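S.K.: I have a structure I would like to understand better, so I am pasting it below and will then ask my questions one at a time.
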Amino acid sequence: MLIISVKEEESIDRALKRYKRKVQSTKLIKELRNRKHFQKPSVMRRHEILNATYREKFFAEK
């Protein structure tokens, strides 16, 4: 759980901006989306290999 302390002279908008930035930097939303549905370890590994081959081919062309 992320905790953002709001200072006395700070506006709510500014605190929300800090909260959103902190959530994005901790990759919390990405993890929640991944945990929404169970994925077998073999499937996750297959996706990693496919992404690696795609990146290798894509960056080799440039």
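The values are calculated or read from the model by the stated rules, or taken from the named source; none is laboratory data. Everything numeric here is computed off the predicted structure, so don't read it as measured data. Positions of Cβ are generated from backbone atoms using ideal geometry, with glycine treated the same way; all protein chains shown enter the neighbour counts.
S.K.: Just give me the residues in the stretch 1-40 being in contact with a Lys or Arg (Cβ under 7 Å, 6 or more places away or on another chain) and in contact (Cβ under 8 Å) with a residue 24 or more places away in the chain, in sequence order.
M.R.: Restricting attention to the stretch 1-40, the residues satisfying the condition of being in contact with a Lys or Arg (Cβ under 7 Å, 6 or more places away or on another chain) are 2, 4.
Answer for the stretch 1-40, where residues must be in contact with a Lys or Arg (Cβ under 7 Å, 6 or more places away or on another chain) and in contact (Cβ under 8 Å) with a residue 24 or more places away in the chain: just 2.
S.K.: Could you say which residue among 29, 3 is at pLDDT below 90 and surrounded by 10 or more Cβ atoms within 10 Å (Cβ to Cβ)?
M.R.: Working: 3 fails: surrounded by 10 or more Cβ atoms within 10 Å (Cβ to Cβ).
Among 29, 3, only 29 is at pLDDT below 90 and surrounded by 10 or more Cβ atoms within 10 Å (Cβ to Cβ).
S.K.: So which residues in the stretch 34-62 are closer than 30 Å to residue 4 by Cα and surrounded by 10 or more Cβ atoms within 10 Å (Cβ to Cβ), if there are any at all?
M.R.: Step one: of the stretch 34-62, the residues closer than 30 Å to residue 4 by Cα are 34-37.
If the condition is that a residue be closer than 30 Å to residue 4 by Cα and surrounded by 10 or more Cβ atoms within 10 Å (Cβ to Cβ), then 34 is the only one that fits.
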